Amino acid sequence: MKKVKNPESQQAILQEMALEISQAAGKVLLREAARPAITYPENLPVSQKKQEILEAVRDHQVVIVAGETGSGKTTQLPKICMELGRGLKGLIGHTQPRRLAARTVANRIAEELPERAGRLHRL
């Protein structure tokens with residue numbers, strides 16, 4: 001704002017910023033209202049440790065979860081993040097080494113949630 005000397009231009013910029021902030025807040029409210037019910041398959045080790053993982057993700061900036069193949073790390077961790085409210089103000093990043101794997105994971109998570117893959121779960 002210091003670079004903009006014209007008071008009318010400053011006011012226009014402030015009004016535009018206020019509108020963008022209001023729109024962003026509205027998106028957060030819509031996402032909160034549309035957050036699906038989250039369930040966890042009881043047979044997966046990650047599901048059995050859900051509370052411990054949830055607390056670690058909530059309390060620490062970096063969390064490393066190690067487990068056997070098929071333990072639920074890939075499919076359950078994004079749901080734990082959703083349960084914590086992550087993603088309401090942005091995206092939950094979930095990387096996979098190949099595009100096909102990423103789509104398969106998105107479809108699998110969507111099967112476990114009452115939402116279609118690619119809608120709340122963008123690829």
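The values are calculated or read from the model by the stated rules, or taken from the named source; none is laboratory data. Predicted model, so just to flag it, every value in this text is computed and none were measured. Heads up, the Cβs are rebuilt from the backbone with ideal geometry, glycines too, and the neighbour counts pull from every protein chain shown.
Would you check if there is a residue in region 69-85 being modelled with pLDDT of 80 or more, assigned to a loop (DSSP other than H, G, I, E, B) and over 21 Å from Pro41 (Cα atoms)?
Going residue by residue through region 69-85, those that are modelled with pLDDT of 80 or more are 69-85.
Now restrict to residues that are assigned to a loop (DSSP other than H, G, I, E, B): 69-72, 84-85.
Okay, now just the ones that are also over 21 Å from Pro41 (Cα atoms), so none.
No, region 69-85 contains no residue that is modelled with pLDDT of 80 or more, assigned to a loop (DSSP other than H, G, I, E, B) and over 21 Å from Pro41 (Cα atoms).
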### Query
Out of curiosity, is Ala110 free of Cβ contacts under 8 Å to residues at least 12 places away in the same chain and loosely packed, with under 15 Cβ neighbours inside 10 Å?
no
### Message
Every residue in region 38-56 that is in a helix (DSSP H, G or I) and closer than 16 Å to Glu68 by Cα, please.
### Response
Pro45, Val46, Ser47, Gln48, Lys50, Ile53
### Query
Which residue pairs have Cβ atoms under 7 Å apart, sit 6 or more places apart or on different chains, and have a first residue in region 8-27 that is farther than 20 Å from Leu88 by Cα and a second that is surrounded by 10 or more Cβ atoms within 10 Å (Cβ to Cβ)?
Gln10/Val4; Ile13/Val4
### Message
Looking at the structure I just gave you, is Thr95 at pLDDT below 85, in a loop (DSSP other than H, G, I, E, B) and among the hydroxyl-bearing types (Ser, Thr, Tyr)?
### Response
yes
